[in-house]
Every structure is written in C-alpha cells, then in structure tokens.
Amino acid sequence: MASYKYHILVCGGTGCHSSQSNVIAERLNEIIADKHLENDVKVVASGCFGFCEKGPIVKIMPDNTFYVGVKPEDADIIIAEHIIKGRKVEKLLYVDPDTKKHISDSKHMGFYQKQMRIALRNCGFIDPENIEESIARGAYEGLGKVLSDMTPAECINVVKQSGLRGRGGAGFPTGLKWELCAKNSADQKYVVCNADEGDPGAFMDRSIMEGDPHSIVEAMAICGYSIGATKGLVYIRAEYPLAIKRLQIAISQAREYGLLGKDILGSGFDFDIELRYGAGAFVCGEETALIHSMEGKRGEPTFKPPFPAVSGYLAKPTNVNNVETFANVPIIITKGAEWFASIGSEKSKGTKVFALAGQINNVGLIEVPMGTTLRDIIFEIGGGIKNGREFKAVQTGGPSGGCLTKKHLDTPIDYDSLVAAGSMMGSGGMVVMDETSCMVAIAKFYLEFTCEESCGKCSPCRIGNKRMYEILDKITKGKGKMEDLEELRNLASVIKDTALCGLGQTSPNPVLSTLDNFWDEYVEHVVDHKCRAGVCKSLMRYEIDPIKCIGCGACSRVCPQDAISGEKKMAHSIDTAKCIKCGACYEKCKFGAISIK
Amino acid sequence: MAVIKLSESKVQFIKGVCKSFNNEGGEVINVLHKVQGEFGYLSAEVQELVAKELNIPVAKVYGIVSFYSFFTMTPKGLHPISVCLGTACYVRGAEKVLDELKRQLGIQVGGTTPDGKFSLNCLRCVAACGLAPVLMVGDKVYGSMTPDKVKEVLAEYND
C-alpha cells in the first residue's frame, strides 16, 4: 500500500451525500491532481460519522481535524491551507455552542463525549470499499480465532456469556437463539441477516452496512460456524442502493481473500453469502414474514412455533439476527465476553445505536452504553431542543414504541426500563418533540403507518387498527366524545392480546402511551375542541390582531387562497371561509400580528 | 384480458430476466425488481408474461405486486417527487410541504400531472434526518424544505 501523508475522509453517509459530499470529494480529487499531490494525499469516501446535523463532514487524518458544514467550494481552501500550508481552516471548524470556541478534534465535542462506539467502531474510520483497511482495523480476527481455536459450542458460549441481546427491538438473547438453532440437525441450515430497516426515522443498520460492511460478513460466517450453517442470506431493503453496493463489494472481496467460500482459512469450514432484496413492507422485519418474502411469497407472518430455529427458510433451521446485533459479534469474540458484559446495565449489556432526530439541535447517529439516561442523550449529546423551545416528548421504538415525557427523562436506556415506562427499545429510532407537536396527531400518524403496513392476515391488526385510526381521526377533527377515549383503550388491549405477530401486538403502544402521558391533551381535543400545539387544522383558525397589524401586505401576498384582504397600511383580515389554514401568513408576519386561536 | 400487446423487445427482455433466474417461481420478487428497474412500472401485461414464464398463477404475481409498496402498476412522471413522511420529517413539518406540493401540482398523492411531468408520492425515511424535512425529485434530495421553497424546487424542472 502506498503511504500517504494525509487521508481526507469525506462522509459518504446518506445525509452528507444528499448535501453533495460526493461533489466535495470530486472537487478535492481535481485539485489534488492539479497540484500533483496524488502521492501524498488520498481522498476516501467513508461511512457515516454520525454528526448529521453538521454535515457534510470532512475529516483529515492523521491530525484528526473535523470539518463541519463543508461545501464543494471549500475544497480549494482545505487543500491550499490545510494540506499545503499545514494550517487549519478555522471557518470550517465546529464551534462549541456554550464556550463559542473552535474545536478541531471530535473527541472534545459534546456530541461525542458521552458516546461509546462498538457497533459503529469502524464507521467513518475506513474506506468501506477496501478490505485491507478493514483488516488493518481488526476485521476477520474474530473469524480466524473461532476457526482455529474454538469449537462451535465454545463460540456460542462466548456470545451467551457476553449478554448480547437482539438489537432489532425485542431483545432476545443472541447466544440462546444460536444455541437453539445449533441443536437442530439438518442437511442444510441458514444464517439470515435482517437488514429490512423499516422503522421511519431510523437508519442505524443502513449506516453500519454502508460504513463497515465487513463486520456483517465476518459475523455471519462466525454464526454459520457456530450453528453449523454453510449459507448466509442478507435480506436488505431495495431502497438502500449504497448499502447493497457496499455489501456486494465486501462479499466479493472476502471471497477473493479466502474469507468466504470453500475451506475458509484452511479450516475445512465452507460459508458463503447471498443478498435478497426486500420490496418495501414494514412487516418483513418480523422474522417469519421475512423468511416468506425471501422465498418469493407475500411477506405475511405465521404463527410461532415452529420457530425459524426449527423450520425457517425453505423449512430448514434458520437463525435470523439484525444488522446491529451481528456488528457486535466479531469484537465480542476478539475482546471476550467479560469485556462486553462489563459495559451497560445489569440486564442489557453493551451499547445501543440510536438515530436521534426531530426537534433537537444535534441530529445524528449515536451509540451509547446501555443505561445512559434519556436526559444525557437529549441534552448532552443531542444539545437540547431546537430554537430554545421546551422539551415535550421523546418517542422510541417507532410504530411499536411509545412517547415518553419529562418525568421519564432520568430513565436509563435498556430493554426492561423502557418497557416498564410504556415504550420499548425498538430498533433505535429516537424522535424528540417540542411543544409544536400534537400528541394526538402523533398517535394518529403512527396508526396511519400501521394501517398502511398491516399485512391484513389477522383481523385484530387489520380491522382493529383501522377502527382506532378512525377514532383518532374524529378526535383530531373535534368530533370526538369522552367515551371514544375509553373505546381506544379497549381496542388497544384486544389488539395487543390477539394480534398474530409483533407488528399488531405492539401497534397500540403509541396510542396507549400518549393516553397515559398526555391525557389532558386528548381531553382538550374532545371537550374544548382545542389543539394546543396548533397542529389539528379543524380545531384552529388564524386571526389578525388589528392593533399589531401595520398593513404591510406581506401576508396577503403569500396567501395561496387570496383569503386575506385589507387596504394598504390598514389592518388586514382573514376570510375564514376561504382559509385553508396552511400557516403561510403566520410564518411570514414579522410583527406577531397573526395568532392561532 | 390484456388488450395492449407488449413490444417484441420487451417480451424478449422479460423472458431473458426470467431465464436468468432459471424460470423458478421462488425468484418472482427478484424478477419483478429487474423488470420494474427497466420499465419503471409493472403493467398487467407484464405481470401475465412473468407468471407464464415462471409457471405460476398470475394471481400470485399480482398478489406480490400489490403487497409490496416498492412495486407499482402505474407509470411515474418524468420527474417523480417523493416527500419523506418519516417521523423526523413529520415533526419538522413535512405535511405542510406535501400540502403545498399537492396544491401547486393540482394532484393527490399517487397521482401524476396530466402532462406526465411530475408524479407525487410519499416515502418513509431516506435517512437524511439531519436535513428534515426532505423531499426527493428523482434521485436528488432537497433538505430543510418549507412550503415557501416548493415553487423554487419545481421551477428547476421547467424547461
């Protein structure tokens, strides 16, 4: 390998890519060619750094300089100043919001200080399309160790002892799952990686596959050895083209290096991996539905037992684990079960990756030890609520989880505490809301998603959720009655108890948790016909305060319906019959003359 | 059933795809991915031919096409617009952006403008939550959208 003086890592994650990080990399390469620096500087499109809020991110190694909000035209100054003259470009450095000081090393940023990266250990550090860089950071060491020094039973034992639990949401102990599958003898077994990340607002698995695909390849081979499977399948969303490409490259490179295929590392163990594409069905995250989809059928779940460990893909014993779960496996093997078990809380070991999003200052991908409190995540790592507003709720677990509130801020994040608080870990979506979010509308939003994604096989989910949605819709339109709230609870408990799969059993959670934590808001909608967040359109109207209005006309110009009239320099008024409540005037008025009633 | 006949080149393409998967019924999802990738959508005629080539009932093919949201039976506009309605975008006001698009284009979600130029759809999360709310026109992502910016975005596609 050539030895470069500088590596310029340009984030190639989806968020940064959407902000033209690929153009930044192209521009850097052009200038490098121009100035004949090809032998000294290498530009790498790396995986996600996590700090999406400040993207696109460019990191310069070896001096660890972290540039934020980089634009294509900044490529010139980065080369001219940093690379050629050795001076940091101050205007591209992160500014600490409290001290207003420039920070060049990400270690000292609030966003990174409380994080601990295990699953994301290589994301942003390597070129994910180059196996040698992965190997230099320890990839395939675990596989080598397993194949040369350990029996399958020993390997399963390490995973069991580590306390690793499924990161897809439900938290089933991974080692136990492997053991159940290992026990069943068959002529063929399968290892399946569940990369059908369907939770809206979650992109943990995608970032791991895009940033460190070899960790998945290695872990699947380790799992195959442990349970006696020679075939691996990755079920991945077709909507993730970059992750698909990177996995394909990783698989073919691993084959070239003899890390996949026949007689891996001379051990006599055969293992290979194929990709299977999902086609946009949230229910396929459920393992039996996923297996049916891989078989070319509609992705409908079936009753368990039999569990996939007994009869899964093509009726053979199959072990299904989530991407993030797999990403933890290689490092557990190399560093040992004790090391992993020393991190986290009593019943939830290790770390968890979250996609932190919503009304928060630092949107991004984070990884924290289990047991970290919601407060630390939202206010330390997340930097608090946007625009100085008040924190209202945090939603974890996506459509299967619930909305937690201020009183839960000191809840430690682990599987059991979140369930006890009325939500769940889920796959790692974490959406923060401020007072501009209406909790009834949020519950309706999630139910709309569930109704759309329900496969329709069992009636509690297909019909029950639809009924709940209709009731919520009525409430948001001011037509709800108090007995509707009771009915919501009844329906929720029936659906929870009787739905066939995890999707239906958890779908009432967003409704139940908002009923529990934001009861007053429901009552306001029903009794006072009022939506305090100003979200439910039927319950609000815009009004112009004739005293504050100076008659500038900005509101009438922006109104799409011509609903605002008035003489120049005179107070204007809104024709409520024409108004579609789009809020354009409200946002335009500089004098605070327009209010929501 | 089918009134419109597929062109010979299309027929050959579909037959070729099916053959590359050994005409196995279990590969129907992979076949449909390839075919839709080429034609943009899966018409009734296409589904019939796929069913025939894979030796499975048309009802099974239709069952799959209608089950998975990635597959579509209607042609998209020249510039397909997708508004992200993932939670992160939703809480940052994606619905208002969607309403404005509907108003300016004069179509509903799932519709295509009469001139075939734009079609409007929703999707769930493009993993660019830092830029929320976002929308995509083709493969291009537009971040930090507001109803105000809708006009500008559409104007980029006026020739």
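Filtering region A:264-279 to residues that are touching a residue at least 60 places away in the same chain (Cβ under 8 Å) and within 12 Å of chain B (Cβ to nearest Cβ) leaves only A:GLY278. Consider A:GLY198 carefully, then state whether it is under 25 Å from A:CYS123 (Cβ atoms), open to solvent by 10 Å² or more (accessible area, probe 1.4 Å), touching a residue at least 12 places away in the same chain (Cβ under 8 Å) and under 30 Å from the mean Cα position of the chain (by Cα). For A:GLY198, the condition - under 25 Å from A:CYS123 (Cβ atoms), open to solvent by 10 Å² or more (accessible area, probe 1.4 Å), touching a residue at least 12 places away in the same chain (Cβ under 8 Å) and under 30 Å from the mean Cα position of the chain (by Cα) - is met. Inclusion of A:GLU179 among residues that are open to solvent by 10 Å² or more (accessible area, probe 1.4 Å), charged (D, E, K, R) and more than 10 Å from every other protein chain (Cβ to nearest Cβ) is warranted. Close contacts from region A:293-317, counting a first residue that is in contact (Cβ under 8 Å) with a residue 24 or more places away in the chain and more than 8 Å from chain B (Cβ to nearest Cβ) and a second that is among the basic types (Lys, Arg) and open to solvent by less than 70 Å² (accessible area, probe 1.4 Å), with Cβ to Cβ under 6 Å and a gap of 6+ residues or different chains, come to A:MET294/A:ARG276; A:LYS316/A:LYS189; A:PRO317/A:LYS189. Scanning region A:500-531 for residues that are of a type in the set (Gly, Ala, Ser), under 17 Å from A:THR396 (Cβ atoms) and part of a helix (DSSP H, G or I) yields A:GLY502, A:SER513. Does A:ARG87 satisfy the condition of being within 27 Å of B:VAL141 (Cβ to Cβ), over 28 Å from the mean Cα position of the chain (by Cα) and not aliphatic (A, V, I, L, M)? No: the conditions fail for A:ARG87.
Summed over region B:38-87, the residues that are within 11 Å of chain A (Cβ to nearest Cβ) and in contact with a Pro (Cβ under 8 Å, 6 or more places away or on another chain) give a count of 4.
The residues of region A:532-546 that are away from every other protein chain (no Cβ under 14 Å), among the hydrophobic types (A, V, I, L, M, F, W, C) and either touching a Lys or Arg at 6+ places or on another chain (Cβ under 9 Å) or assigned to a loop (DSSP other than H, G, I, E, B) (or both) amount to a single one, A:LEU539.
Rundown of residues vs (1) surrounded by fewer than 23 Cβ atoms within 10 Å (Cβ to Cβ); (2) in contact with a Ser or Thr (Cβ under 6 Å, 6 or more places away or on another chain); (3) within 11 Å of chain B (Cβ to nearest Cβ), yes/no style:
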residue: A:TYR6; (1), (2), (3): yes, no, no
residue: A:GLN20; (1), (2), (3): yes, no, yes
residue: A:ILE32; (1), (2), (3): yes, no, no
residue: A:LEU37; (1), (2), (3): yes, no, no
residue: A:ILE57; (1), (2), (3): no, no, yes
residue: A:TYR67; (1), (2), (3): no, no, no
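One residue stands out in region B:20-32 among those that are touching a residue at least 24 places away in the same chain (Cβ under 8 Å) and assigned to a helix (DSSP H, G or I): the one that is nearest to A:ALA279 (Cα to Cα), namely B:ILE29.
Scanning region A:20-35 for any residue that is within 21 Å of the chain's Cα centre (by Cα) and under 29 Å from A:ASN328 (Cβ atoms) turns up at least one such residue. Once region B:43-66 is narrowed to residues that are within 14 Å of the chain's Cα centre (by Cα) and either modelled with pLDDT under 95 or not aliphatic (A, V, I, L, M) (or both), the residue that is most open to solvent (accessible area, probe 1.4 Å) is B:SER66. Flag: A:ALA25 does not match the condition of being small (Gly, Ala, Ser), outside the structural domain of A:MET204 (by TED's automatic domain parsing) and open to solvent by 30 Å² or more (accessible area, probe 1.4 Å). Looking only at residues of region B:117-143 that are more than 10 Å from chain A (Cβ to nearest Cβ) and open to solvent by 30 Å² or more (accessible area, probe 1.4 Å), we find that the one that is modelled with the lowest pLDDT is B:GLY138. Only one entry of A:CYS579, A:CYS585, A:CYS549 meets the criterion of being open to solvent by less than 30 Å² (accessible area, probe 1.4 Å) and part of a loop (DSSP other than H, G, I, E, B), and that entry is A:CYS549.
The values are calculated or read from the model by the stated rules, or taken from the named source; none is laboratory data. This one's a predicted model, so the numbers in the text were calculated from it and none came from an experiment. Note that each Cβ is placed from the backbone with ideal geometry, even for glycine, and that neighbours are counted across all protein chains shown. Side chains included, ligands, DNA and RNA excluded: accessible areas come from the protein's heavy atoms. Shrake-Rupley method; radii C 1.70, N 1.55, O 1.52, S 1.80 Å.
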